[in-house]
Amino acid sequence: MHLIWYTMRLKNLLFVTVFSLFFLQSLAQRRNSNYNKIGISAGVVSANIDSDDLNFSAGQGFTATVETRGSFSRIVDFIYAISFFDAAMEIETSAVGGAPQGLATAEMSTMKMSSVQLQFLASLNIFRHHLSIEAGPAFAIQGKFKPQDDADENRFVTGYNNVTLASLRETSTFDFRGVIGLTAGFEPVRVSLMYIRGFTNTFSGLQQANTESADFSGNTNYLALRGIIYF
């Protein structure tokens, strides 16, 4: 039932977001006929979770975005976008609970997390249509936090007696984020470097009584490099 609910909520968010993008695009065209573009982008992302409780290492993933960019003035653009992230990161695990970090038999296990992000950015044009700085808020729905290899689900996080990778699955569904980035290039192709920081505790969903994971905290971090084509 929880999976069905989550899937329905995700579909509803995607529908509302895409509808909102085209609605905002229509409004922007009426107000800013001099410059208004739709952009499609894809790229690579380096993802990590900052946590005092769990020691993650950044891993590679990919991202794709649909956005609208409309001019508010000659020096300011507004960007409305919906992005998909397929992120990966690594954590040290062992076959037995309570093993200390650095144990010879320990292995690095890859964890995966997907999310859909809606963002609204203000863009400061340093050189109009060629170089700009963007910043603004974002809201994301996150999928399950799970090992890339299902066989790793029962492996223990090193340093803990009862924390398996399977027990980290129920992470926070919603994540409020901040975004800052730099975009450069020539029409119709630009390159964007973007840093995204999550402000919501990713592990707030691990509220299990009498477990070592009940008080875990951590915040998502993404560094995305994208190529954008504007139409």
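The values are calculated or read from the model by the stated rules, or taken from the named source; none is laboratory data. Note that the coordinates shown come from a computational prediction; the quantities given were computed from them, not determined experimentally. Cβ: placed from backbone, ideal geometry, glycine included. Neighbour counts: every protein chain shown.
Checked against (1) within 17 Å of the chain's Cα centre (by Cα); (2) on the phi > 0 side of the Ramachandran plot, Gly185 passes all but a single condition, namely (1). Among the residues of the stretch 168-183, the one identified as touching an Asp or Glu at 6+ places or on another chain (Cβ under 9 Å) and within 16 Å of Phe156 (Cα to Cα) is Arg169. A search for C-beta distances below 9 Å between a residue of the stretch 121-149 that is in contact (Cβ under 8 Å) with a residue 40 or more places away in the chain and within 25 Å of Ile91 (Cβ to Cβ) and any residue that is of a type in the set (Asp, Glu) and outside any strand (DSSP E or B), counting only pairs 6+ apart in sequence or on different chains, returns Phe145/Glu170. Only one of the listed residues (Ser57, Ser51) is more than 25 Å from Thr183 (Cβ to Cβ), surrounded by fewer than 19 Cβ atoms within 10 Å (Cβ to Cβ) and out of contact with any Phe, Trp or Tyr (no Cβ under 9 Å at 6 or more places or on another chain). That residue is Ser57. Within the stretch 115-137, the residues that satisfy the criterion of being surrounded by 14 or more Cβ atoms within 10 Å (Cβ to Cβ) and either closer than 21 Å to Gln60 by Cβ or not hydrophobic (A, V, I, L, M, F, W, C) (or both) are Ser115, Val116, Gln117, Gln119, Ser123, Asn125, His129, Ser132, Glu134, Gly136. Just to be sure before I move on: is Val96 at pLDDT 95 or above, of a type in the set (Val, Ile, Thr) and surrounded by fewer than 17 Cβ atoms within 10 Å (Cβ to Cβ) in the structure I sent? Spelling it out, it is not the case that Val96 is at pLDDT 95 or above, of a type in the set (Val, Ile, Thr) and surrounded by fewer than 17 Cβ atoms within 10 Å (Cβ to Cβ). Considering only residues in the stretch 39-73 that are part of a strand (DSSP E or B) and acidic (Asp, Glu), the one that is nearest to Arg197 (Cα to Cα) turns out to be Asp50.
Just to be sure, is Thr173 of a type in the set (Ser, Thr, Tyr) and either modelled with pLDDT under 95 or over 17 Å from the mean Cα position of the chain (by Cα) (or both)? Yes, satisfied. For beta carbons closer than 8 Å, sequence separation of 6+ or different chains, a first residue in the stretch 151-164 that is buried (at least 20 other Cβ atoms within 10 Å of the Cβ) and a second that is among the β-branched types (Val, Ile, Thr) and in a loop (DSSP other than H, G, I, E, B), the qualifying pairs are Phe156/Val96; Phe156/Val163; Val157/Val163; Val163/Thr211. Among the residues that make up the stretch 167-176, is at least one of them hydrophobic (A, V, I, L, M, F, W, C), assigned to a strand (DSSP E or B), in contact (Cβ under 8 Å) with a residue 40 or more places away in the chain and surrounded by 16 or more Cβ atoms within 10 Å (Cβ to Cβ)? Checked the stretch 167-176: no residue is hydrophobic (A, V, I, L, M, F, W, C), assigned to a strand (DSSP E or B), in contact (Cβ under 8 Å) with a residue 40 or more places away in the chain and surrounded by 16 or more Cβ atoms within 10 Å (Cβ to Cβ). Without any contact (Cβ under 8 Å) to a residue 12 or more places away in the chain, surrounded by fewer than 19 Cβ atoms within 10 Å (Cβ to Cβ) and either hydrophobic (A, V, I, L, M, F, W, C) or closer than 30 Å to Asp215 by Cβ (or both): does that describe Thr105? When the stated conditions are applied, Thr105 passes them.
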